[in-house]
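The structure appears right after this line, and notes come after that.
The values are calculated or read from the model by the stated rules, or taken from the named source; none is laboratory data. The structure presented is a predicted model; accordingly, all values stated were derived computationally and were not measured. All Cβ positions, glycine included, derive from the backbone under ideal geometry; neighbour counts span all protein chains shown.
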Amino acid sequence: MSPHHGPHRAQLQHKKRIAPPSTCAAPSRNATPSPFYTRLLPPIASSRARLLSRLRTIGDARTRRAQPTTPTASASLSSSLSLPFPTDAELAAMLSARTATASPATSPLWKRGGGGGEGGSGGSGNGCTSCREVRRRAAAVRVRAAAPRRVEAVAMKSAAETDKEEVAAAGGGVEDKYGEDRATEEVPVTPWAFSVASGYTLLRDPHHNKGLAFTEKERDAHYLRGLLPPAVVSQDLQVKKIMHNLRQYNVPLQRYMAMMDLQERNERLFYKLLIDNVEELLPVVYTPTVGEACQKYGSIFGRPQGLYVSLKDKGKVLDVLRNWPERNIQVIVVTDGERILGLGDLGCQGMGIPVGKLSLYTALGGVRPSACLPITIDVGTNNEQLLNDEFYIGLRQRRATGKEYHDLMEEFMSAVKQIYGEKVLIQFEDFANHNAFDLLAKYSKSHLVFNDDIQGTASVVLAGLLSSLKVVGGTLAEHTYLFLGAGEAGTGIAELIALEISKQTKAPLEECRKKVWLVDSKGLIVNSRKESLQPFKKPWAHEHEPVTTLLDAIQSIKPTVLIGTSGVGRTFTKEVIEAMASFNERPIIFSLSNPTSHSECTAEEAYNWSQGRAVFASGSPFDPVEYNGKMHVPGQANNAYIFPGFGLGVVVSGAVRVHEDMLLAASEALADQATQENFDKGSIFPPFTNIRKISARIAASVAAKAYELGLATRLPQPKDLEKYAESCMYTPVYRSYR
C-alpha cells in the first residue's frame with residue numbers, strides 16, 4: 001500500500017466521508033494522478049446519473065447553474081449536477097497544474113508526505129483550485145448518500161468553508177430549514193420547490209401524475225399521503241369517468257378545452273382516453289373542432305404548449321430551441337399560421353394545429369410524447385380582426401415576406417438540425433401555397449422534411465382511390481381525374497396519382513399527368529393560360545379549349561373521379577353531382593375540404609343526388625346516410641390515417657430523407673387494409689378503431705422502403721418490421737413508481 005494513501009484512508013473511514021484523497025502533496029512535478037481517482041469516477045458518475053433520473057422522475061425539479069462571484073467561490077449543488085465530470089486526461093492536467101504551483105506554506109501535509117483530503121486532519125483547507133473542484137463534486141455525491149429521497153440546495157461557499165463543514169441533507173435549522181433565508185444576490189440557493197421531491201409537485205407534473213390511481217405504497221413512498229382522497233381507483237375507471245363528463249358538454253369547443261386541460265394534468269390518462277375512444281374523440285382534438293379552437297385561441301389560451309419562434313428572436317433561434325427541456329426530439333410539427341385548415345391566416349393562434357397533430361402522432365402512431373415538439377413561427381398576420389383583438393397572443397404587425405421571412409426560416413431549420421440532428425422529422429403544416437412548395441423544394445434535399453398538406457393528403461387520397469378501384473373496377477390509368485382546387489393539396493394529390501400510374505404502367509410521368517385535370521378560380525387549367533400560372537400549376541396545363549366553370553369542365557372532360565380541394569363550401573352542386581352520375585355507373589366523389597362548413601358537399605347530398613351510387617369520401621366526418629333502405633357509411637379521407645404511421649416508420653428506420661416511394665408505400669399499405677365488409681357499408685377506408693394496427697403496418701411498409709432505398713440508418717434491419725414497429729409504440733398505461 002502506498003504511504004500516501006494509508007493514513008488518509010483511515011482518516012476517511014474515521015470521519016465516514018467519501019472525498020477523494022488530494023495529491024497536492026505530490027513531491028514531483030511529473031507525478032501521475034492516483035489510481036484512486038479512476039476508481040472513484042464511475043461511482044460518482046453513477047450517483048450523479050441516478051440523482052438526475054430521480055429529479056426528472058419525481059417533481060419536475062431542474063438543476064440550476066450558479067456562477068461563482070469570486071475565484072475562490074464554490075458552486076452550489078445544482079451547479080455541480082449540471083457540470084460534466086472531468087475525464088482522466090482532464091484530471092491529469094488539473095493535478096499537473098497543482099504540482100507546478102503547490103508550496104509547503106499552503107499545504108501542511110507537504111512535509112509529512114501524506115495525502116490531505118479535505119485539507120487533512122486539522123489542516124487549513126487551503127487546497128488547490130483543482131482539488132477543491134474534485135471535492136466540490138464529491139460533495140454532491142455525499143448529499144445523495146446522506147438523503148436518498150431529499151436534496152438540499154447547498155449555498156455557494158468558499159473553499160475553506162467547504163473543507164470545514166459537512167454538506168448536510170435537507171432538514172437543517174428550525175428557523176431556516178431549507179436555506180431560503182440565506183438567499184441573497186451574493187449567496188444564491190435553490191428554491192425549496194425545486195430542491196425537494198415533494199408529492200405536491202408530483203401531482204402537478206403531467207408526465208408522472210396518476211391522480212387517484214396512485215397506490216397506497218406509492219402514496220407513502222412519494223409524500224402523497226393526505227394530498228389525495230383515500231380512494232384508489234384504476235386507470236380504466238378514470239377513463240370511464242372522464243368520458244361521462246365529456247358527454248355532458250353539448251358544445252364541441254368545451255370538449256376540446258376539457259381534453260386540453262386533461263393533457264396538462266395527466267398525460268398518460270389523456271392518451272389512454274383518446275386511444276380507447278378514438279372515433280368519438282378524434283373530431284374533438286382535431287378537425288373540425290380544432291379549427292374553431294384556433295380561431296378563439298387567444299381567448300381560451302391558458303398554459304402555453306410548444307415553442308414560439310418570432311421575428312423578435314432573429315439571431316437567437318438556437319437559444320429559443322435550447323429552452324425546450326427535451327433533447328431527444330424525433331418529430332417536429334411547425335406552422336406559420338398563414339393557412340389554417342380552410343380558415344385562412346390565423347397567425348400565432350395556429351399553434352392549435354401542431355399541438356393537435358402531435359397528439360395524434362402519439363395516440364395513433366405511438367411516437368413518445370416527450371419526443372414530439374410543436375412549434376409556431378410567428379411572422380405577423382394580415383388578419384385585421386386578430387390585429388384588433390385585445391386577446392390576440394402574437395405579433396401585432398403585418399406578415400413578413402420575402403428575405404425577412406426566408407432568413408428566419410433558414411435560421412430555424414439550421415438550428416433544428418444543429419440541436420436535434422438530421423434524423424428529426426420536420427413536418428410543415430398549414431403554410432400558404434407560395435411558401436409551402438418553396439420550403440419543401442428547398443429543404444427536402446438537406447433535411448428530413450414532410451408537408452402533410454401536400455404529401456400526407458395526397459397519400460391518404462391515393463389510398464382511397466386504390467380502395468375505390470376494388471368497388472368500381474379498372475386500374476388507375478383507366479380513369480380520368482378532375483380536381484376543383486389547384487393549391488398545395490390538389491396539386492400534391494395529382495402528382496402522387498401520376499407517380500402511381502407511372503409506376504404501374506412504366507409510362508413517362510409527363511404522359512401520366514395528362515390523365516389529371518385541375519380547375520382553379522379562373523377555370524380549367526389549360527396551355528393557353530400557362531404563362532400566367534404559378535410554377536406548381538404549370539405541369540397540369542394540358543391542351544384544351546378554355547373552360548370557366550366546373551360544370552362545363554365535367555361535361556367536356558367526362559371524368560370518372562371528382563375531387564374537391566377548393567376550401568369553398570357547397571361547390572359540388574346538385575347539377576354537378578347529377579352530371580357525374582349521368583355517365584358513370586359508380587361516380588367517385590371526394591369532398592375533401594375542411595372544416596365541415598367548407599366541404600364541397602355533404603355525404604347526404606352526394607348519395608341523394610347520385611341515387612345512392614356515389615363512392616364517397618370526405619375530409620371532415622359525416623354521419624351515416626340511409627338511402628332507399630340501405631345504410632351508407634361515408635369514408636373519411638383523414639390525414640390521420642397516414643401521417644402517424646408514416647412518422648413512426650421514419651423514426652424506427654432512422655431515415656434521413658423522405659422519398660416519394662415511401663409515400664406510395666404508405667398509400668398501398670393503407671389501401672390493403674380496407675376489407676369487403678367496409679365496402680359493403682359504403683366505406684373505402686378501414687375503421688379508426690384499428691388505427692394503431694393500421695399505423696404499425698404503414699410504418700413497416702415505409703421503413704421497408706427506406707431500407708430498400710438506402711435511406712435508413714438504424715442497422716441492422718429488423719427481420720419483422722411490423723412487430724418491431726409495434727414494440728416501439730408508446731403505450732399510455734400507468735407505470736409503477738418505487
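Scanning segment 515-542 for residues that are touching a residue at least 12 places away in the same chain (Cβ under 8 Å), assigned to a helix (DSSP H, G or I) and farther than 15 Å from Gly490 by Cα turns up Asn527, Ser528, Arg529.
Do we find that Ser198 is out of contact with any Pro (no Cβ under 9 Å at 6 or more places or on another chain), closer than 21 Å to Glu264 by Cα and at pLDDT below 90 in this structure? Judged against the criteria, Ser198 is a match. If you go through segment 234-269 and keep only what is of a type in the set (Ser, Thr, Tyr) and touching a Lys or Arg at 6+ places or on another chain (Cβ under 9 Å), you end up with just Tyr249. In the set Lys514, Lys530, only one residue is among the charged types (D, E, K, R), at pLDDT below 95 and either assigned by TED's automatic domain parsing to the domain that holds Glu660 or exposed (fewer than 15 other Cβ atoms within 10 Å of the Cβ) (or both); that residue is Lys530. Taking the stated definitions as given, is Thr548 in a loop (DSSP other than H, G, I, E, B) and surrounded by 18 or more Cβ atoms within 10 Å (Cβ to Cβ)? Considered against the rule, which asks whether it is in a loop (DSSP other than H, G, I, E, B) and surrounded by 18 or more Cβ atoms within 10 Å (Cβ to Cβ), Thr548 comes out as no.
Out of Glu267, Glu326, one residue alone is at pLDDT below 95 and of a type in the set (D, E, K, R). It is Glu326. Name the one entry in Asp453, Asp430 that is buried (at least 17 other Cβ atoms within 10 Å of the Cβ) and farther than 16 Å from Ala666 by Cβ. Result of the check over Asp453, Asp430: Asp430.
Within segment 673-689, can one find any residue that is under 23 Å from the mean Cα position of the chain (by Cα), crowded, with 20+ Cβ neighbours inside 10 Å, outside the structural domain of Ser359 (by TED's automatic domain parsing) and modelled with pLDDT of 95 or more? No, every residue in segment 673-689 fails to be under 23 Å from the mean Cα position of the chain (by Cα), crowded, with 20+ Cβ neighbours inside 10 Å, outside the structural domain of Ser359 (by TED's automatic domain parsing) and modelled with pLDDT of 95 or more.
It is to be established whether one or more residues within segment 543-561 are under 22 Å from Glu488 (Cα atoms), free of Cβ contacts under 8 Å to residues at least 24 places away in the same chain and among the acidic types (Asp, Glu). Checked segment 543-561: no residue is under 22 Å from Glu488 (Cα atoms), free of Cβ contacts under 8 Å to residues at least 24 places away in the same chain and among the acidic types (Asp, Glu).
This table checks each residue for (1) within 23 Å of Tyr734 (Cα to Cα); (2) of a type outside the set (Phe, Trp, Tyr).
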{"position": "Arg247", "(1), (2)": "no, yes"}
{"position": "Asn250", "(1), (2)": "no, yes"}
{"position": "Gln254", "(1), (2)": "no, yes"}
{"position": "Met260", "(1), (2)": "yes, yes"}
{"position": "Asn266", "(1), (2)": "yes, yes"}
{"position": "Phe270", "(1), (2)": "yes, no"}
{"position": "Leu282", "(1), (2)": "yes, yes"}
{"position": "Val285", "(1), (2)": "yes, yes"}
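Taking the listed residues Pro252, Pro288, the one that is in contact with a Pro (Cβ under 9 Å, 6 or more places away or on another chain) and surrounded by 18 or more Cβ atoms within 10 Å (Cβ to Cβ) is Pro288, with no other qualifying.
Looking at segment 715-736, can you tell me whether even one residue there is under 24 Å from Phe270 (Cα atoms), of a type in the set (Gly, Ala, Ser) and assigned to a loop (DSSP other than H, G, I, E, B)? Scanning segment 715-736 turns up at least one residue that is under 24 Å from Phe270 (Cα atoms), of a type in the set (Gly, Ala, Ser) and assigned to a loop (DSSP other than H, G, I, E, B). Whenever a residue of segment 482-507 is assigned by TED's automatic domain parsing to the domain that holds Lys538 and surrounded by 22 or more Cβ atoms within 10 Å (Cβ to Cβ), its partners that are part of a strand (DSSP E or B) and of a type in the set (Phe, Trp, Tyr), lying with C-beta atoms within less than 6 angstrom and at least six residues away or across chains, give the pairs Leu482/Trp517; Gly490/Phe483.
Note on segment 551-567: residues that are in a loop (DSSP other than H, G, I, E, B) and surrounded by 15 or more Cβ atoms within 10 Å (Cβ to Cβ) amount to 5. Considering every residue within segment 696-708, establish whether at least one is touching a residue at least 24 places away in the same chain (Cβ under 8 Å) and surrounded by fewer than 14 Cβ atoms within 10 Å (Cβ to Cβ). No. Within segment 603-637, the set of residues being under 24 Å from Leu341 (Cβ atoms), out of contact with any strand residue (DSSP E or B) (no Cβ under 7 Å at 6 or more places or on another chain) and at pLDDT 95 or above comprises just one member, Glu605.
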